[in-house]
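Here's the structure we're looking at; comments come further down.
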Amino acid sequence: MKKLAIFLTMVFFLLVSCGQITSALQPASTNLPVVPTDTLAPTEEPTSTFTPAPPTEEPTITSTPPSPTETPEPTNIPTATPIGQVFRDDFDGNLQPGWTWQNEVPSRWTITQDGWLQIIGEDASLLGEGMQSNLLWHELPEGDFEITVHLKANPTDNFQQATIYIYEDGENYIAINRGYCGPCATQGNGIYMEYKINGQLGAYNLATKETDLFLRLESKGNVVSGYYAFAPDKWVRLGRFGNYFAFKKVGLGVSNVDIQGINADLIGLFDYFEIRRP
């Protein structure tokens, strides 16, 4: 009995010891609260120190490009020469090619800013001494022709003239002018058509104080006629006679013909000059 009691006592202690060993193998409790799995932070990717460049953007168009348009036609196309026109100068800036100066005095002529040829007269006269200054000549065409000018002049003294000439020499010429002639039938201001053919003189005249006018010489069918107008295309014939000479040049000029040396200088202004077929 004593041995059995001792045996049972040993078995008891053995069981108790085994239980302590088992509990030592269990993980120690941390008493941490249970955290729901859906509150856990998601795993983060590793942070990189390289920042990628933003994607290249298309350029921003700030305005709508204009639609293609047709190329405009040039605006400075030369105007076709009117039918019948042989030569014309409107005195816009420079003289047209074709003119020739005789006895030019540059200080006594100019082209004004508003397009007029201005000639200041001197004393000698083509129809007198034959040595007039600043005569401007152009060739005439063969056959029939018209010569037309728009003129401003205000003569105040005897024998002052702003003239267009058809001229060959001192014995053969035709002239029409705005002038002044006290001894003439006009008794001063007037329009004068003068001619000399083979040394034979003739003249027509009309009294007027108009200072803005148009003058024309026409050679047609072997007859020369002189015209004047105080408005465009309102022509009145001043005189006519048979043409006995084939003239080759036409000219413009202004003269004082100051016999006594007391006249003021006459200023002639020519707006345009034209030669055409009648």
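Out of all the residues in region 87-103, which are surrounded by 13 or more Cβ atoms within 10 Å (Cβ to Cβ) and part of a loop (DSSP other than H, G, I, E, B)?
90, 91, 95, 96, 99, 103, listed by residue number.
Within region 176-186, is there a residue that is of a type in the set (Val, Ile, Thr), at pLDDT 95 or above, out of contact with any Lys or Arg (no Cβ under 6 Å at 6 or more places or on another chain) and buried (at least 20 other Cβ atoms within 10 Å of the Cβ)? Please lay out each step first, then the result.
Narrowing region 176-186 to residues of a type in the set (Val, Ile, Thr): 176, 186.
Next, only the ones that are at pLDDT 95 or above stay: 176, 186.
Next, only the ones that are out of contact with any Lys or Arg (no Cβ under 6 Å at 6 or more places or on another chain) stay: 176, 186.
Among the residues that remain, those that are also buried (at least 20 other Cβ atoms within 10 Å of the Cβ) are: 176.
Scanning region 176-186, I find at least one residue that is of a type in the set (Val, Ile, Thr), at pLDDT 95 or above, out of contact with any Lys or Arg (no Cβ under 6 Å at 6 or more places or on another chain) and buried (at least 20 other Cβ atoms within 10 Å of the Cβ), so the answer is yes.
Can you name every one of the strands (runs of 3 or more DSSP E) wholly within region 191-241 that holds 1 or more residues which are closer than 26 Å to residue 85 by Cα and touching a Phe, Trp or Tyr at 6+ places or on another chain (Cβ under 6 Å)?
212-220, 223-229
Could you list, in sequence order, all residues of region 74-101 that are closer than 18 Å to residue 135 by Cβ and modelled with pLDDT under 95?
none
The values are calculated or read from the model by the stated rules, or taken from the named source; none is laboratory data. Worth saying up front: this structure is predicted, and the values here are computed from it rather than measured. With ideal geometry, Cβ positions are generated from the backbone for all residues, glycine too; neighbour counts draw on all protein chains shown.
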